[in-house]
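Beneath this line is the structure, given in structure tokens, with notes to follow.
The values are calculated or read from the model by the stated rules, or taken from the named source; none is laboratory data. Since the structure is predicted, the reported quantities are computational estimates derived from the model, not experimental observations. Please note: Cβ atoms are built from the backbone with ideal geometry, for glycine as well, and neighbour counts cover all protein chains shown. The accessibility values were calculated without ligands, DNA or RNA, using every heavy atom of the protein model including side chains. Shrake-Rupley method; radii C 1.70, N 1.55, O 1.52, S 1.80 Å.
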Amino acid sequence: MTASETEGLQRGARSGVIRWDGGRLADVPGKAYKPEDGSFAGIVRRLIAAPESSAFDVRYFEIEPAGYSSLEHHRHVHVVLCIRGHGTVRLDDGRETVGPGDIVCIAPDTVHQFRNAGTEPFGFFCIVDRRRDPPIPVKED
């Protein structure tokens with residue numbers, strides 16, 4: 001698959017298959033998680049599908065060992081499907097260990113953060129509202 005074909009799939013302009021190749025998504029370039037601000041480490045995001053006619057986007061995140069996402073909350077819901085490695089998820093004041101096959105539902109205004117808890121990359125798909133409010137950073141106590 002060429003880069004333009006992959007881009008077409010990601011934007012919902014065509015049907016097709018994106019291959020999972022040896023623990024990685026073939027032909028889907030990684031992008032910065034968000035602007036660097038010191039609130040996260042070792043995380044890359046990949047846009048898998050963002051069909052213009054749908055209400056959702058599908059993204060893939062991968063967190064390197066000792067890496068973590070930002071601690072934040074927002075009004076929109078999202079669902080996370082863990083597929084690679086192991087991590088922890090903070091949901092408000094609780095923490096859960098998660099791994100391949102686990103699904104995390106994050107309700108509106110839930111403070112949340114993902115951390116890699118293992119020695120290999122921790123990867124997960126995130127399904128989120130296409131139109132969503134920006135995350136609000138939370139300061140660690």
Subject >> Flag if Tyr68 is more than 22 Å from Arg130 (Cα to Cα), buried (at least 18 other Cβ atoms within 10 Å of the Cβ), under 14 Å from the mean Cα position of the chain (by Cα) and among the hydroxyl-bearing types (Ser, Thr, Tyr) >> reply: yes
Subject >> the range 47-57 - residue that is open to solvent by 30 Å² or more (accessible area, probe 1.4 Å) and not small (Gly, Ala, Ser) and, of those, nearest to Gly99 (Cα to Cα) >> reply: Phe56
Subject >> Whichever residue in the range 1-29 is within 19 Å of Glu120 (Cα to Cα) and surrounded by 15 or more Cβ atoms within 10 Å (Cβ to Cβ) and, among such residues, is modelled with the lowest pLDDT >> reply: Arg24
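Would you call Val79 more than 15 Å from Ala117 (Cβ to Cβ) and part of a strand (DSSP E or B)? Working first, answer last.
On the way: more than 15 Å from Ala117 (Cβ to Cβ): yes; part of a strand (DSSP E or B): yes.
In short, yes.
Look at the range 116-131 and say how many of its residues are under 12 Å from the mean Cα position of the chain (by Cα) and at pLDDT 95 or above. Break it down into steps so the answer makes sense when it comes.
At the first step, the residues of the range 116-131 found to be under 12 Å from the mean Cα position of the chain (by Cα) are 122-128.
Filter once more, keeping what is at pLDDT 95 or above: 122-127.
Of the residues in the range 116-131, 6 are under 12 Å from the mean Cα position of the chain (by Cα) and at pLDDT 95 or above.
Quickly run through the range 115-132 and pick out the residues that are open to solvent by 60 Å² or more (accessible area, probe 1.4 Å) and not in a loop (DSSP other than H, G, I, E, B). Explain how you work it out, then say what you get.
Start the filter on the range 115-132 by keeping residues that are open to solvent by 60 Å² or more (accessible area, probe 1.4 Å), which leaves 115, 117, 119-120, 127, 129-132.
Scanning the range 115-132 gives Arg115, Ile127, Asp129.
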**OP:** State which residue pairs qualify: first residue surrounded by 15 or more Cβ atoms within 10 Å (Cβ to Cβ) and inside the range 86-114, second residue of a type in the set (Ser, Thr, Tyr) in any location, beta carbons under 6 Å apart, and separation of 6 or more residues or different chains.
**Re:** Thr88/Thr97; Leu91/Thr110; Gln113/Ser69; Phe114/Ser69
Original post:
So which of Arg75, Arg59 ends up being in contact with a Lys or Arg (Cβ under 9 Å, 6 or more places away or on another chain) and within 23 Å of Asp27 (Cα to Cα)?
Top reply: Arg59
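Evaluate the following for Pro65: is it in contact (Cβ under 8 Å) with a residue 40 or more places away in the chain, touching a Ser or Thr at 6+ places or on another chain (Cβ under 7 Å) and either on the phi < 0 side of the Ramachandran plot or part of a loop (DSSP other than H, G, I, E, B) (or both)? Before the answer, list the steps.
Values: in contact (Cβ under 8 Å) with a residue 40 or more places away in the chain: yes; touching a Ser or Thr at 6+ places or on another chain (Cβ under 7 Å): yes; either on the phi < 0 side of the Ramachandran plot or part of a loop (DSSP other than H, G, I, E, B) (or both): yes.
Yes: the conditions hold for Pro65.
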